[in-house]
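Data first, discussion second: the structure below is written as structure tokens.
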Amino acid sequence: MCGRNSLFIDQANLEARFDAEVVADGGYTPRYNIAPGEDLYIITNEASDEIDAYHWGLIPFWADEPEEGIINARSETAGEKRVFERAWESRPCLVLSSGFYEWKSSNGGSKQPYRIYREDDPAFAMAGLWDVWEGDDERISCVTILTTEPNDLMNSIHDRMPVVLPKDAESDWLAADPDTRKELCQPYPKDDLDAYEISTRVNNPGNDDPQVIEPLDHEQSGLGEFSS
């Protein structure tokens, strides 16, 4: 799954990286610890030149009242689920990230958080689906992050990972038909993802500062060090 995100590249570089302009209400604020229920910065297929902020958690369209929503969707079955059906059919988006976080369980002990990031790219895109929940007097634009099987790096940390898109597949994700997009929902195929242990400060969403991404003294980096 993907239960925590970050995006802290400066705005000028963010806009240059995705050839898009920030249009979010309130502008852009770098974030080191974005939790479910907060806003993610995304680019939708309907406005590929705009970076907007959507509620993290896709709210079922049949819900009577707004709720936190579903933060992740399994890419293998999203098209078959009623809650994601219309989003899967026609509402893909890019969820922008400087790195996401995952927790590794070991022998029933406390969970160790890791930061997963792209070595060569200060911002990258994960595959998402967006929708709009409409109430009597309220509209909430919302988003979920698609997940897939882990690649070699993630396999020793967690049994799922977000669909991280190669840079050259980002435009395809937004423009493609559902069948083609499903083919893009693969474990990240390149070797430029890396991971290292961070402190449990990330566990508290109130900790949203550069200290969150500092490695522990015994930093682990690269696939070899995660292999048993």
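The values are calculated or read from the model by the stated rules, or taken from the named source; none is laboratory data. Everything numeric here is computed off the predicted structure, so don't read it as measured data. Cβ: placed from backbone, ideal geometry, glycine included. Neighbour counts: every protein chain shown. When the accessible area is computed, the model is the full protein with side chains, heavy atoms only, and any ligands, DNA or RNA have been set aside. Shrake-Rupley method; radii C 1.70, N 1.55, O 1.52, S 1.80 Å.
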Quiz item: Taking the stated definitions as given, is Ala87 within 26 Å of Asp137 (Cβ to Cβ) and either of a type in the set (D, E, K, R) or in a loop (DSSP other than H, G, I, E, B) (or both)?
Solution: no
Quiz prompt | Tally of residues being part of a loop (DSSP other than H, G, I, E, B) and within 20 Å of Ile51 (Cβ to Cβ) across region 152-175 | solution = 2
Quiz prompt | Members of region 188-228 found to be among the hydrophobic types (A, V, I, L, M, F, W, C) and either in contact with a helix residue (DSSP H, G or I) (Cβ under 9 Å, 6 or more places away or on another chain) or at pLDDT 95 or above (or both), listed by number | solution = Leu193, Ala195, Ile198, Val202, Val212, Ile213, Leu223, Phe226
Self-check item: The lone exception for Leu7 - which of (1) among the aliphatic types (A, V, I, L, M); (2) touching a strand residue (DSSP E or B) at 6+ places or on another chain (Cβ under 7 Å); (3) without any contact (Cβ under 8 Å) to a residue 60 or more places away in the chain it fails
Solution: (3)
Practice problem: Would you check which residues across region 68-101 are touching an Asp or Glu at 6+ places or on another chain (Cβ under 9 Å), open to solvent by 50 Å² or more (accessible area, probe 1.4 Å) and over 23 Å from Ala53 (Cα atoms) and list them? | Solution: Glu76
Exercise. Would you check which residues across region 121-143 are under 17 Å from the mean Cα position of the chain (by Cα) and open to solvent by 20 Å² or more (accessible area, probe 1.4 Å) and list them?
Key: Pro122, Ser141
Exercise. Kindly list, by first and then second residue, each pair from a residue in region 167-195 that is among the polar types (S, T, N, Q) to a residue that is in a loop (DSSP other than H, G, I, E, B) and crowded, with 18+ Cβ neighbours inside 10 Å, limited to pairs with Cβ atoms under 8 Å and residues at least 6 apart or on different chains.
Key: Gln186/Val163
Quiz item: Can you pull out the strands (runs of 3 or more DSSP E) entirely within region 109-151 that have at least 2 residues that are hydrophobic (A, V, I, L, M, F, W, C)?
Solution: 124-134, 139-148
Self-check item: Top-ranked residue in region 71-119 [being within 13 Å of the chain's Cα centre (by Cα) and hydrophobic (A, V, I, L, M, F, W, C); ranked as farthest from Asp39 (Cα to Cα)]
Solution: Ile116
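For every residue, the table says whether it meets (1) open to solvent by less than 40 Å² (accessible area, probe 1.4 Å); (2) at pLDDT below 95; (3) of a type in the set (S, T, N, Q).
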site: Trp103; (1), (2), (3): no, no, no
site: Ser110; (1), (2), (3): no, yes, yes
site: Arg115; (1), (2), (3): yes, no, no
site: Ile145; (1), (2), (3): yes, no, no
site: Arg160; (1), (2), (3): yes, no, no
site: Leu174; (1), (2), (3): yes, no, no
site: Pro178; (1), (2), (3): yes, no, no
site: Gln186; (1), (2), (3): no, no, yes
Practice problem: Working only within region 155-175, note down all residues that are more than 19 Å from Ala20 (Cα to Cα) and over 14 Å from the mean Cα position of the chain (by Cα). | Solution: Asn155, Ser156, Ile157, His158, Asp159
